[in-house]
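First comes the structure, then the notes that go with it.
The values are calculated or read from the model by the stated rules, or taken from the named source; none is laboratory data. Everything numeric here is computed off the predicted structure, so don't read it as measured data. Don't worry about glycine lacking a Cβ; one is built from the backbone with ideal geometry, like all the others, and counts go over all protein chains shown.
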């Protein structure tokens, strides 16, 4: 797969688009419905004191709550028309939250305050993302994210890891136990160890590598002999890594409300789909586990200990890398446009 370069910078992020109340409230509802199709079943499980062994990861390892994910943000450069504040008040009552004007990094725009904020031939007031305040509050985080995404986007995807990070985490489970204790190991402890010992482990992602069993860390080849570290993320992150693809969701929600909710939801969808493969290719037996949200039923093992399974893994990994690169470029465009 060829590497991609970041998109050119967007124009200034001063408000340049105005949405009528009925328009932006409809978009907000559509976003909530899109997210709820996946999060509501997980929330229902939690209410019963249960966890989903696959997709709960997206709200355990990642810190954005289902309620926060369901909040709709227009992104920078948009005014949500609401002259008298009634639309925001109605939204708050519907959501059971504070009005949008009290959400962090949002501000009021009065009619006539910003040139071009016009709806049906008249100047209007409303709500918009406070880009300067956001950038002041998140300067170091935004700079780190921009550099990480840009450097990752320009690297070629490496597709030879075959998801062995999950196997390395379960190595020597007779001594250390396993992270997903509610699931049995598909090949048992000895069979799992044999796969680890008979494979080349080439993990490049620190937040996977740090969970390796102690005895497995020395088996990791990393990238040309260089092992992943927190400090080395910007030098090693590459678009073929499943966890780098899932992490696009993290970078997106950390940039909310600068990032719009359509882009955030697209990153969440990618993370959801990647997590499916992450666990299907793992050493765990997912028999009887339901996906819950998309009508696909259960999970099918991707047997990476066999040639056919490795080919299947690499094929899907390549598709995810391509999806991830497109989202990475979109996130970079937001950061570049914000200045």
Residue ranges of helices (runs of 4 or more DSSP H) in segment 101-200 with at least 2 members within 26 Å of the chain's Cα centre (by Cα) and surrounded by fewer than 16 Cβ atoms within 10 Å (Cβ to Cβ): 131-137, 139-153
Condition check for residue 69: modelled with pLDDT of 95 or more and under 22 Å from residue 245 (Cβ atoms): yes
Top-ranked residue in segment 68-85 [being touching a residue at least 12 places away in the same chain (Cβ under 8 Å) and out of contact with any strand residue (DSSP E or B) (no Cβ under 9 Å at 6 or more places or on another chain); ranked as farthest from residue 284 (Cα to Cα)]: 72
Counted residues, segment 100-109 - those being free of Cβ contacts under 8 Å to residues at least 60 places away in the same chain and in contact with a strand residue (DSSP E or B) (Cβ under 9 Å, 6 or more places away or on another chain): 4
Matching residues in segment 273-328 - criterion: being out of contact with any helix residue (DSSP H, G or I) (no Cβ under 8 Å at 6 or more places or on another chain) and part of a loop (DSSP other than H, G, I, E, B): 285, 287, 288, 289, 295, 296, 297, 306
Index of the failed condition, residue 144 passing every other in (1) assigned by TED's automatic domain parsing to the domain that holds residue 329; (2) in contact with a helix residue (DSSP H, G or I) (Cβ under 7 Å, 6 or more places away or on another chain): (2)
Yes/no for residue 22 being outside any loop (DSSP other than H, G, I, E, B), assigned by TED's automatic domain parsing to the domain that holds residue 121 and at pLDDT below 95: no
Some residue of segment 234-255 being part of a loop (DSSP other than H, G, I, E, B), closer than 23 Å to residue 274 by Cα and free of Cβ contacts under 8 Å to residues at least 12 places away in the same chain: no
Some residue of segment 277-296 being surrounded by 17 or more Cβ atoms within 10 Å (Cβ to Cβ) and under 16 Å from the mean Cα position of the chain (by Cα): yes
